[in-house]
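Quick notes on the structure that follows.
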Amino acid sequence: DAKTTQPPSMDCAEGRAANLPCNHSTISGNEYVYWYRQIHSQGPQYIIHGLKNNETNEMASLIITEDRKSSTLILPHATLRDTAVYYCIALRGSSNTGKLIFGQGTTLQVKP
Amino acid sequence: EPEVTQTPSHQVTQMGQEVILRCVPISNHLYFYWYRQILGQKVEFLVSFYNNEISEKSEIFDDQFSVERPDGSNFTLKIRSTKLEDSAMYFCASSVQLAGGSTQYFGPGTRLTVL
């Protein structure tokens, strides 16, 4: 599975959009990009995933570049409860184990 | 909304004792996982399980660890003889499929403290 690179930390003002980047320049054609977040020591929470197309759900939007080498998670109106560590993970569509490899992620601090 | 549940939320044990951590995956899921997170460190994969067999295990998952699906609803992680370094949060997860495109949903975790 492709390695992903994220900035270690970011700040965002409450009510503004939070844009979290992820680089996955070695991603292969059948690898999905997943985003999870972890608040304190709670279990990782699924946010969104995509393969090629941009995706949107009730939590966030995922923008994947045309060459698929990078993506951006967008939280449209960040709240204080969105303060968490955000993980970008690549997972093969043909994976026979489903193993998720977590990096250090991006610590997002939403400030009032 | 269906959730993965885990019990207990916190387990304290003496070094050398056996512990069993329990998980109830989402009911229609077929693939089950255990991860752990030592305080201040990354979430690490331990094992994936399907059709009553281990699909993959990490180097961490040595002979002291075992997993079982004893009935149609529970999925357990047993540590036979706990060590101090086993102290961590243990997360169970489940998914409908293994492949990308299928989402893993995580439980709230069990905090294991080995004294």
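The values are calculated or read from the model by the stated rules, or taken from the named source; none is laboratory data. Because the structure is predicted, anything quoted here is derived from the model rather than measured. Methodologically, a virtual Cβ is constructed for each residue, glycine included, from the backbone with ideal geometry; neighbour enumeration extends over all protein chains shown. Only protein heavy atoms, including side chains, enter the accessible area calculation; ligands, DNA and RNA are left aside. Shrake-Rupley method; radii C 1.70, N 1.55, O 1.52, S 1.80 Å.
Radius of gyration and Dmax for the range B:1-87's Cα atoms, expressed in Å?
13.0, 38
Counting only other chains, what is the mean number of Cβ atoms within 10 angstrom of the Cβ of each residue in peptide A:98-106?
Average neighbour count from other chains, rounded to a whole number: 6.
Could you state the accessible area per residue of chain B in Å², with a 1.4 Å probe and every protein chain left in place? Before the final figure, lay out the partial values.
Numbers: 5720 Å² over 115 residues.
Accessible surface, normalised per residue, equals 50 Å².
Considering only protein heavy atoms, what per residue accessible area in square angstrom results for chain A with a 1.4 angstrom probe?
I get 49 Å² per residue for this part.
Probe radius 1.4 Å, ligands and nucleic acids ignored: give me the carbon and sulfur share of the accessible area of chain A as a rounded percent.
Carbon plus sulfur share of accessible area: 49 percent.
Take every residue in peptide B:37-45, count the Cβ atoms of other chains within 10 Å of its Cβ, and give the average of those counts.
Mean shielding by partner chains, rounded to a whole number: 4.
Can you flag which of A:Lys3/A:Lys99; A:Lys99/B:Lys42; A:Lys69/B:Lys42; B:Lys42/B:Lys83 are past 21 Å Cα-Cα? Display every interim value, and only then the final one.
Working: A:Lys3/A:Lys99 13 Å; A:Lys99/B:Lys42 14 Å; A:Lys69/B:Lys42 24 Å; B:Lys42/B:Lys83 19 Å.
Cα-Cα > 21 Å for A:Lys69/B:Lys42; rest within.
I'd like the distance between the alpha-carbon centres of the range B:4-65 and the range B:72-115, rounded to an integer number of Å.
3
Taking every Cα atom in chain A, find the radius of gyration and the maximum pairwise distance Dmax, and write them in Å.
Over chain A's Cα set, Rg and Dmax evaluate to 13.3, 44 Å.
Give me Rg/Rg_expected for the protein assembly as shown, where Rg uses Cα atoms only and Rg_expected = 2.2 N^0.38 Å with N residues.
1.02
Taking both sides together, what accessible area is buried at the B/A interface, probe 1.4 Å, expressed in Å² and rounded to the nearest 100?
1800
Enter the mean number of other protein chain beta carbons within 10 Å of the beta carbon of each residue in A:33-45, as an integer.
If you average over the peptide's residues, the count of other-chain Cβ atoms is 4.
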